[in-house]
1. Taking θ = phi - 60°, what integer Hz values does the Karplus form 6.51 cos²θ - 1.76 cosθ + 1.60 yield along the range 64-71, in sequence order, with x for Gly and Pro?
2. Computed on alpha carbon atoms, what radius of gyration and Dmax characterise the chain, expressed in Å?
3. Please compute the Kirkwood hydrodynamic radius of the range 33-75 from all pairs of different C-alpha atoms, in Å with one decimal.
4. Which whole-Hz ³J(HN,Hα) couplings does the range 44-49 yield from phi under the Karplus relation 6.51 cos²θ - 1.76 cosθ + 1.60, θ = phi - 60°, glycine and proline marked x?
5. Using a 1.4 Å probe on the protein heavy atoms, what percent of the accessible area of the chain belongs to carbon and sulfur?
6. Give me the net charge for the shell around Val54: Cβ to Cβ below 9 angstrom, other residues only, Lys and Arg +1, Asp and Glu -1.
7. Using Cα pairs closer than 8 Å and at least 6 residues apart in sequence, work out the relative contact order for the chain, in percent.
8. Lysine pairs in the chain with alpha-carbon atoms under 25 Å apart, 8 or more places apart or on different chains: how many are there?
Amino acid sequence: MARIAIVRMRGLFGVNPTVRKTLESLRLVKNNFCTLVPDDASHKGMIRTCQDFVAWGEVDEKTAAHMIFKRGKSG
C-alpha cells in the first residue's frame, strides 16, 4: 500500500479554522512535524485543504519502514 509523507512547513498565525482543524487531524501540531498517511481520497482531500502549509510526497515502503524505525529508536 502506498503512503504519503506530509511535513508541516508554516505556522498558524491568521489561519482559517478549517485549515487549523485539518492540521490537527493529521497530527501536525508543530512546524517540521511529519506524518505518514495512506494514499486514499480522504487524505488527499485533507492535503488539498492545507496545501499552502505543508509539503508532501509519496514514500516507498523501505523509506517508511526506516522512518518508523528511527522514530521508535529515538523516542
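1. Working through the residues one at a time gives 4, 5, 5, 4, 5, 5, 5, 5 Hz.
2. Spelled out, the Cα radius of gyration and Dmax of the chain are 12.6, 38 Å.
3. 11.8
4. 5, x, 5, 5, 4, 5
5. Accessible surface attributable to carbon and sulfur in the chain totals 54 percent.
6. Spelling it out: positives minus negatives among the neighbours equals +1.
7. After rounding, I find 47 percent.
8. 8
The values are calculated or read from the model by the stated rules, or taken from the named source; none is laboratory data. Nothing here was measured: the structure is a model prediction, and the numbers come from that model. When we count neighbours, we look across all protein chains shown, and the Cβ atoms used for this are built from the backbone with ideal geometry, even at glycine. Note: areas computed on protein heavy atoms with side chains; ligands, DNA, RNA excluded. Shrake-Rupley method; radii C 1.70, N 1.55, O 1.52, S 1.80 Å.
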